[in-house]
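These notes are about the structure you will find just below.
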Amino acid sequence: MDVYQLPTVNFPFRKTMDVLNSTEYNNCTEQLTKGITSRILISLTLSILTLMTTAINSLVIAAIIVTRKLHHPANYLICSLAVTDFLVAVLVMPFSIMYIVKETWVMGPVVCDIWLSVDITCCTCSILHLAAIALDRYRAITDAVEYARKRTPQHAAFMIAIAWIISIFLSMPLLFWRHQGQIRDDECIIKHDHIVFTIYSTFGAFYIPLALILILYYKIYRAAKSLYHKRNVSRCEKEQNGQVLLEACGKSSTMCIAEKSFSDHSTDFDKIHITVRNPKAEIRHEKAMRKQRISSNRERKAATTLGLILGAFLICWLPFFVKEVIVNICHACYISDDMSNFLTWLGYLNSLINPLIYTIFNEDFKKAFQKLIRCRHYL
């Protein structure tokens, strides 16, 4: 009997283990590759959005500064909105990209506090600017004569200052509340553990301005529609032979027939009328019809602009603030980090859309943009 015996080796089992290890390694490598690819795509996409937001808002600011025709109190509000959205693009978005890609906060608690305060203040201020612009437009269309006297650069500066002060007052208590709980160095978020702070932050920053914007733009649309209708009716009134004759206008002012009327002076005016066509009246009729079409187009354009403003605002910010309320009230509810980041960036996207909506329908802004892009020097 031999003293030394070789141990028995189970070769099939060993092969199985090698295959399993190899498969596991391949799966890990594949997941790692997919993770790196997705992070690169996300960072590129978000970086492009950030650059576009910066460039477009810079273009709006430059256009208003160098174009004398745009030096109007209403445009000062738009310029201030562009500055606010520019700050979101420069001071908020880049840090958010880094946080999303790294999946952890690496810049310390002090930078975190600064970033959160700037984020909340600028985003809230952007929303409040939309409310201020809605209020300015409402006053301009419903009380045009009186408000034209009050609509000064000082008045616009006062509205801008109020928007910033409210935004700062809304953001500061949230940071104070954040330091009351346990803070982890690897995360940079604000947790609303108390219902009072949830209502305070969401209603002050979004729901109250939203209600104000909806009410004001509804009244603006009604007032604009009424104003266009009155102008159309007034165009149908013409003076002929020393007396004002109303042309046959429908309620919608879509058709007017120009006629010259003569009365038998021996009888009452309302008895017999003989109508004959007047070439001059026909020309005036055609001009009135052209003005009618222009007015209808303006009404449709105004409705489209209002729809875009409200639609973009609701699509960008409503999901985020609904999520904020649900998560902080319903403790059993859970939203993934990816979904939370998506809703946050959907709100940031409003800073890219704002300068487009508020300027793209304005011919003065279009001309100013064209001159800026072509690098023409003008004042």
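Derivation of every value follows stated rules applied to the coordinates shown; laboratory data play no part. Model, not experiment: these values are computed from the prediction. Backbone-built Cβ (ideal geometry, glycine too); neighbour counts: all protein chains shown.
Projected onto their three principal axes, the Cα atoms of segment 96-140 cover extents of 49, 20, 7 Å, largest first.
Work out the FRET efficiency for residue 114 and residue 165 from their Cβ-Cβ distance, taking R0 = 22 Å, and round it to the nearest 0.05. Step by step, r from the Cβ atoms, then E = 0.70.
Apply 1/(1 + (r/R0)^6) to the Cβ-Cβ distance of residue 219 and residue 107, taking R0 = 51 Å, and write down the FRET efficiency to the nearest 0.05.
On the way: r = 46 Å, r/R0 = 0.90.
The value I calculate is 0.65.
Structural descriptor for segment 65-165: relative contact order 44 percent, calculated from alpha carbon pairs under 8 angstrom and at least 6 residues apart.
Which residues among segment 206-220 fall inside the zone where the amide N is under 17 Å from a point 7 Å beyond the Cα of residue 143, along Cα→Cβ? It comes to 216-217, 219-220, nothing else. Rounded to two decimals, the Cα-based Rg/Rh of segment 99-201, with Kirkwood Rh, is 1.15.
The residues neighbouring residue 70, those whose beta-carbon lies less than 14 Å from its own, together hold a net charge of +3 under the Lys/Arg +1, Asp/Glu -1 convention. Placing pseudo-labels 7 Å out from each Cα toward the beta carbon at residue 71 and residue 157 gives an inter-label distance of 1.4 nm. The 3J(HN,Hα) values that the Karplus relation (6.51, -1.76, 1.60; θ = phi - 60°) gives for segment 144-159 are, in residue order, 4, 5, 5, 6, 4, 6, 8, 7, 10, x, 5, 5, 5, 5, 5, 5 Hz. Gly and Pro appear as x.
May I ask for the net charge around residue 140, where only other residues with Cβ less than 14 Å from the Cβ of residue 140 are counted and Lys, Arg are +1 while Asp, Glu are -1?
Numbers: positive: 137, 139, 149, 150, 151, 219; negative: 136, 143, 146.
Summing Lys/Arg as +1 and Asp/Glu as -1 gives +3.
Extension gain for residue 364 to residue 47 (0.36 nm times residue separation, less C-alpha to C-alpha distance): 111.1 nm. Neighbours of residue 125 by Cβ distance under 14 Å: Lys/Arg scored +1, Asp/Glu scored -1, total -2.
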